[in-house]
Amino acid sequence: IECHEESLRISTQVLGNKNVALAENMHYIGNVLMQQGEHKSSLEYYDDALALLRDVEDRNEIMNAAIARNLHRKGAVHEKIGEHEMALSCLKEALKVGKNILGKDSVEISNILNSLGNVHRNLF
């Protein structure tokens, strides 16, 4: 995680704290924190990444794909900590954004659907 944090620090110093390129660093840190069981901290990084990406008025497909990916990971974290309704909300939004750019038949959409199925299974 130290490498990702240092990368984020350098990128912020060079690019400023509102540059969309920082979202990727934040996503990586969120992934590592999730794997380490630091779920609340990982959500903060995913939220920060999403905020940067959503602030861009003229988003391209790459940015929208990053939004879908962050929402998917955020939904997975909420599921891990038992926040099923939040997980559903994130995953449904990830599915909507993902389908708009990837179409309905992609591996990422399949993964999001599997995550949604897991949440539904745990809800009922």
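So here's what we get for this one:
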item: Where trypsin sites (Lys or Arg not before Pro) fall in DSSP loop in the range 1-72, at most 14 other Cβ within 10 Å; result: 18
item: Debye intensity ratio I(q)/I(0), log10, the chain, q values 0.20, 0.23 Å⁻¹ (C-alpha model); result: -1.10, -1.31
item: Gain upon complete extension [residue 18, residue 57; 0.36 nm per residue less C-alpha separation]; result: 12.7 nm
item: Lysine pairs in the chain with Cα atoms under 20 Å, if 8 or more residues apart or on separate chains; result: 8
item: Cα centre as origin, Lys/Arg/Asp/Glu Cβ charges: the chain dipole, Debye; result: 400
item: Principal-axis tilt of helix 107-123 within the chain, Cα atoms, nearest 10 degrees; result: 60
item: Nearest 10 degrees, 0 to 90: helix 84-102 Cα axis against the chain principal axis; result: 70
item: Tilt relative to the chain, helix 39-54 - C-alpha long axis, 0 to 90 degrees, to 10; result: 70
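A short reminder: the numbers here are calculations on the coordinates, not readings from a lab. Predicted, not measured: the structure shown is a model, and the values here were computed from it. FYI the Cβ positions are ideal-geometry reconstructions off the backbone, even for glycines, and counts take in every protein chain you see.
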